[in-house]
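All remarks here apply to the structure that follows.
The values are calculated or read from the model by the stated rules, or taken from the named source; none is laboratory data. None of the values given here were measured: they were computed from a predicted structure. Heads up, the Cβs are rebuilt from the backbone with ideal geometry, glycines too, and the neighbour counts pull from every protein chain shown.
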Amino acid sequence: MQQLSEKDYKKILVCLTLYVTSLFAANTLGIKLMPFLFGTHLSVAVFSFPLVFIMTDIIGEVYGKKMAKNFVLAGVISIILFLFYSLISTILPWAQKGEWVKEGYNQIFGLSVRFSIASLVAFVIAEYQDVFSFFFFKKYTGEKYFWLRSNLSNLWSQLLDSTVFMLIAYLGVLPIKTILLIIIPWWVYKVFMGFLFTPLSYLGIRLLRGKNNENNPNQN
């Protein structure tokens, strides 16, 4: 196992900050829907959530599978803590002077238990699957073709994330056909955004490895 320098730890800390921030942006700002093709709708989280999966690929490529799993664990703990804080914050009594914002506050942060469970379960399954798939494809692509294994793992993990979340959140509430019409465009667009972010992935890998790829002896 390679020794990490102080510079490596600083880079990892920056990546973890981007990872967690993107995750929270997706889970909070994602409540807003925007119109999409053929009468469907998309969450604005499509701009931040693909970065969550790409970041684990970048970290895994440079620092290995164990570090990528640590990122996922940090994300899981963050979500659980945020849900716990949200629950406490919404059930505590309001001061009279703050009640002007009560309705909007409770609507945004007072997530139902079902939606909270859906978000957490989908994230855990999809993110760990993304790490597993990335290193599975790496066995067959070698040290080259990062873009291929990253997008292939993203294709599968984003499908899992979209499907698991929508089924847990809406099964029994909406017809199966309607749920599928939500899952498909949501999945396709997230994969598309992940593909667009691929050049940024290569930039991230270069920045982490340094000009001489000193952090990792394996080169793409």
**Request:** Please tell me if PHE24 is under 21 Å from VAL131 (Cα atoms) and crowded, with 22+ Cβ neighbours inside 10 Å.
**Result:** no
**Request:** Only residues that are modelled with pLDDT of 85 or more and small (Gly, Ala, Ser): list them for segment 96-130, please.
**Result:** ALA122, ALA126
**Fill in**
Residue hits (segment 185-204; among the β-branched types (Val, Ile, Thr) and either free of Cβ contacts under 8 Å to residues at least 24 places away in the same chain or outside any helix (DSSP H, G or I) (or both)) are VAL188
**Message:** Looking at (1) closer than 20 Å to LYS32 by Cα; (2) out of contact with any Leu (no Cβ under 7 Å at 6 or more places or on another chain); (3) surrounded by fewer than 19 Cβ atoms within 10 Å (Cβ to Cβ); (4) touching a residue at least 12 places away in the same chain (Cβ under 8 Å), which one does SER162 not meet, given that it meets all the others?
**Reply:** (3)
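So that you can scan it fast, the table gives a plain yes or no per residue for (1) out of contact with any His (no Cβ under 9 Å at 6 or more places or on another chain); (2) at pLDDT 85 or above; (3) surrounded by 17 or more Cβ atoms within 10 Å (Cβ to Cβ):
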position: GLY172; (1), (2), (3): yes, no, no
position: ILE179; (1), (2), (3): yes, no, yes
position: LYS190; (1), (2), (3): yes, no, yes
position: MET193; (1), (2), (3): yes, no, yes
position: GLY204; (1), (2), (3): yes, yes, yes
position: LEU207; (1), (2), (3): yes, yes, no
position: LYS211; (1), (2), (3): yes, no, no
position: ASN215; (1), (2), (3): yes, no, yes
position: ASN218; (1), (2), (3): yes, no, no
**Asked** LEU92: more than 18 Å from PHE49 (Cβ to Cβ), at pLDDT below 85, exposed (fewer than 14 other Cβ atoms within 10 Å of the Cβ) and of a type in the set (A, V, I, L, M, F, W, C), yes or no?
**Response** yes
**Prompt:** Within segment 103-119, can one find any residue that is buried (at least 18 other Cβ atoms within 10 Å of the Cβ), under 18 Å from the mean Cα position of the chain (by Cα), under 20 Å from SER48 (Cα atoms) and not polar (S, T, N, Q)?
**Reply:** yes
**Request:** Consider only pairs whose beta carbons are under 9 Å apart and that are at least six residues apart or on different chains; among these, list those whose first residue lies in segment 49-63 and is touching a residue at least 60 places away in the same chain (Cβ under 8 Å) and at positive phi and whose second residue is part of a helix (DSSP H, G or I) and among the small types (Gly, Ala, Ser).
**Result:** none
